[in-house]
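Below: the structure, in structure tokens.
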Amino acid sequence: MSDPVLTLDRVSRDYVRAGRRLAAVDEVDLVVHRGKTLGIVGESGCGKSTLARLALHLVPPSSGRVLREGQDIARLDAGALRRLRARMQIVFQDPNASLNPRWRVGAIIAEPLRAQGWSRQKRLDRVSEVLDLVGLPQDAVDRLPSAFSGGQKQRIGIARALAPEPDLLICDEAVSALDASIQAQILNLLTDLQARLGLTMVFISHNLAVVRHVSQRVAVMYLGRIVELASEADLFDRPQHPYTRTLIAAVPEPGRPLQAGSVRGEPPDALAPPSGCHFHPRCPLAQNICRRISPPLIEAASGHLASCHFPGASAS
Amino acid sequence: MTIPVDLHEALTIEDLRVGIGRGRDRVELLDGISLSLRRGEILALVGESGSGKSMTALAAARLLPPGAELGARRLVVGGADVASAGGAALDRIRGKSFGFVFQEPMTSLNPLLTIGEQIAEPIRLHLHLDRAATRSRVIDLLGAVGFPAASTRLDDYPHQLSGGQRQRAMIAMAIACNPPFLFADEPTTALDVTTQAQVLTLLRSLCRERGMGMLLITHDLGVVSAVADRVAVMYAGRIVETGPAAAVLAAPHHPYADALRRALPRVSAKVARLEALEGQPPSPRAFPTGCRFHPRCARATARCRTSVPALVPSGLRTVACFNPIAETKETAP
């Protein structure tokens, strides 16, 4: 557990909207360990995609530090940053929007290698290698993305991400646009690749079942903050935060009754978040202290962090 | 022309076919779809992209795009014969005999009209109420779909509402004239999971309270299990299995329905590896011969490649497969 590939240290990212400050990511602490997958779940607007952009240094933090193997990314010189970029890659949600429709697949996959100054022969060899890795035929190189189905396009996106031999792969809703039968193929591919290549992954999704399936540890976000962080089994089988319990209960699943009564309302406006604990207006357990004081993210059970004044309690 | 109509019948589709193009470019998108629903009942039509589930609803609502040709032995929606109805007759049927809830409320609502004006439109068209009565009915409807402080919200524009509220407004519009039948095409797919649970619960209770039948179109087996009484599974323009939702989801008889269920990751338990279904659904331009699922099916035999299996009753289910997973001894619950 002592080999952190990525560390977020009190990271915040603010945006200004209509003259007001919006804390998309609000003092987040996270460590991602080598060879493991950290899942991040939350509803629209909770800040999970901004977190991905911060981790990749696509946006700088407003405060706090993003560390790669202990080094602050913001303090790297241009050359070191460029070399680091090759080692952290992202797979996007919509392959139709993230693959250039006018480029042949070979050029798409080789693009990050060109940016890194690889020779032509090395690029060709590597493209051929990653096509094998993701289960696409070699003749894909000469075809356009439009010749492929949605699932195959997502394989092209994964091949491009793997081409520069990254050790950190960020998947932002990487299977959310896919049909169920194709989604299972891509999830199996990602877990196989991780085992084979020793990849470290951050897997971001609104889909709790998918996150549970791929992750060893899981963080739950609500309005820019992490409200719970634990191992996959602890988080899903013994959730400590009432928001996490609400989310899990709301997932419709064959053989499980739907529990819609456990949550009130919808997530509040991020420009005017509630005082104290952001979740208190919707929480069945809320007391006065919840309205006044934001609960810190602390150990509620062994190795299980939750930011709640009454972790583990159930509504009476 | 009058046809005999069962008063409890909410929807009858018999041998629905939809095709586009002519001659060698002819593509059959729907191949002999039959479905029936009673009032108060919820039938989920489940399938992957391109299976024809939305096309089925659009065809039954007579909302097909120009160029798509529709044929059906019988098409009765909310007590109205829509198969032979023309433009003016359809205007009298839509909104009155059935409502339609679409997936994306932001693109289905008019951004320039308040939600009050939009919900009032079918009331004005079909019920001919005066201004004050219309307004009070709109307020009642907003209350029925779970808007707090409805009387202050009907002058809001769609952009002032959250995603869940917009979908509630669209549901209010669809049920404004108390239709006996509702189409809901992926009504919660664009919503967050907690909002989805609320909207599904709302749709279910509206059907029960109003004796309204609902055809719920979804790709999500979890949504099926949450609200549906019965389910019909579609693959490549055909129905492959129908039956009570709980029984079909627990133990499908059609290999495709079974594969869909096994490919699903679960929030309630982690499995080591998902049982992925190999290959991908076929394009309508290249539907396989015989059973359209045979190229991806582990149980396929020579017969599956040449003959089309009919939907055969089997207990409470119908299954279109020569080699179904279980020969059934089902009894009525």
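The values are calculated or read from the model by the stated rules, or taken from the named source; none is laboratory data. None of these values were measured; they are calculated from a predicted model. For neighbour counting, all protein chains shown are included, and Cβ atoms are generated from backbone atoms with ideal geometry for every residue, glycine included. Note: areas computed on protein heavy atoms with side chains; ligands, DNA, RNA excluded. Shrake-Rupley method; radii C 1.70, N 1.55, O 1.52, S 1.80 Å.
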Cα extents of the stretch A:229-284 along the principal axes, largest first, in whole Å, come to 38, 25, 18
Taking springs between alpha-carbon atoms closer than 10 angstrom, which of A:144, A:58, A:38 fluctuates most in the Gaussian network model of chain A?
-> A:58
With each run of n ≥ 4 DSSP H residues scored as -39500 (n - 2.57), what mean residue ellipticity at 222 nm is computed for chain B after dividing by its residue count and rounding to the nearest 500 deg cm²/dmol?
-> -9000 deg cm²/dmol
Assuming a ≥ b ≥ c are the square roots of the Cα gyration tensor eigenvalues, decide whether the stretch B:249-333 counts as rounded (a/c under 1.5), prolate (otherwise, with a/b larger than b/c) or oblate.
-> oblate
Solvent-accessible area buried by B and A, counting both chains, probe 1.4 angstrom, square angstrom | 3400 Å²
Does anyone have the angle between helix B:131-144 and the longest principal axis of chain B? Alpha-carbon axes, 0 to 90°, nearest 10?
-> 40 degrees
Can you run phi through the Karplus equation (6.51, -1.76, 1.60; θ = phi - 60°) for the stretch B:210-222 and list ³J(HN,Hα) in whole Hz, with x for Gly and Pro?
-> 9, x, 9, x, 9, 9, 9, 9, 8, 9, 10, 5, x
Of A:140, A:219, A:80, the one that fluctuates the most in a GNM where chain A has Cα springs shorter than 10 Å = A:80
What does the charge add up to near residue A:122, with Lys and Arg as +1, Asp and Glu as -1, over the other residues with Cβ less than 13 Å from its Cβ?
-> +1
Distance in Å, no decimals, from the C-alpha centre of the stretch B:179-236 to the one of the stretch A:59-123 is 42 Å
Using the Cα centre as the reference, give the magnitude of the dipole from point charges on the C-beta atoms of the stretch A:95-208 (Lys, Arg: +1; Asp, Glu: -1; all else neutral), rounded to the nearest 20 debye.
-> 420 debye
Chain B: longest segment with zero exposed GluC sites (Glu not before Pro), where exposed means DSSP loop plus at most 15 other C-beta atoms within 10 Å, is residues B:1-274
If a/c stays under 1.5 just call it rounded; otherwise compare a/b with b/c (prolate if a/b is bigger, oblate if not). Do that for chain B, with a ≥ b ≥ c from the square roots of the Cα gyration tensor eigenvalues.
-> prolate
Residue B:132 to residue B:92: FRET efficiency via 1/(1 + (r/R0)^6), r the Cβ-Cβ distance, R0 25 Å, to the nearest 0.05?
-> 0.55
For residue A:276, list long-range residues whose amide hydrogen, built 1.01 Å from N in the peptide plane, is under 5 Å from its own amide hydrogen.
-> A:294
Please list, in chain and number order, the residues 5+ apart from residue A:219 or on another chain whose amide H is under 5 Å from its amide H, with Hs placed from the backbone.
-> A:39, A:40, A:41
Cα centre as origin, Lys/Arg/Asp/Glu Cβ charges: the stretch A:144-214 dipole, Debye = 120 debye
Ranked by GNM mean-square fluctuation in chain B (Cα springs under 10 Å), the top entry among B:17, B:168, B:124 is B:124
What accessible area per residue comes out for the protein assembly as shown, rounded to a whole number of Å², with a 1.4 Å probe?
-> 43 Å²
Long-range amide H partners of residue B:74 with built H, under 5 Å | B:14
Segments A:15-25, B:262-272 sorted - mean Cβ within 10 Å per residue, highest first | B:262-272, A:15-25
Size of the dipole of the stretch B:104-178 about the Cα centre, Lys and Arg at +1 and Asp and Glu at -1 on the beta carbon, nothing else charged, in debye to 20?
-> 100 debye
Chain B: antiparallel bridges as % of DSSP beta bridges, rounded to 5, reads 60 percent
So which chymotrypsin sites (Phe, Trp or Tyr not before Pro) in the stretch B:72-106 are both in a DSSP loop and have at most 16 other Cβ atoms within 10 Å of their Cβ?
-> none
Return a whole-number percent for the relative contact order of the stretch B:104-178, with Cα pairs under 8 Å and 6 or more residues apart as the contact set.
-> 48 percent
Table column - 3J(HN,Hα) (Hz), the stretch A:66-75, Karplus curve with 6.51, -1.76, 1.60, x for Gly and Pro = 10, 10, 10, 6, x, 9, 5, 4, 5, 9
Residues of B:272-280, mean number of Cβ from any other protein chain within 10 Å of their own Cβ, rounded to a whole number?
-> 6
Kindly flag which residue pairs out of A:48/B:53; A:122/A:153; A:36/A:153; A:48/A:122 have an alpha-carbon separation exceeding 29 Å in this structure.
-> A:48/B:53; A:48/A:122
Provide Rg over Rh for chain A; use the alpha carbon set for both Rg and the Kirkwood Rh (inverse mean inverse pair distance).
-> 0.99
Among A:164, A:215, A:183, whose Cα sits farthest toward the positive end of the charge dipole of the stretch A:118-220 (+1 at Cβ of Lys/Arg, -1 at Cβ of Asp/Glu, about the Cα centre)?
-> A:164
Dipole of the protein assembly as shown, positive direction: furthest Cα of B:150, B:222, B:111, with charges on the beta-carbon = B:111
With a 1.4 angstrom probe the carbon and sulfur portion of accessible area for the protein assembly as shown, in percent, totals 51 percent
What value, in deg cm²/dmol to 500, does the helix sum -39500 (n - 2.57) over DSSP H runs of n ≥ 4 give at 222 nm once divided by the residues of chain A?
-> -9500 deg cm²/dmol
Which ³J(HN,Hα) values in Hz, rounded to whole numbers, follow from the phi angles of the stretch B:243-251 under the Karplus curve 6.51 cos²θ - 1.76 cosθ + 1.60, where θ = phi - 60° and Gly and Pro get x?
-> x, x, 4, 4, 5, 5, 5, 6, 8
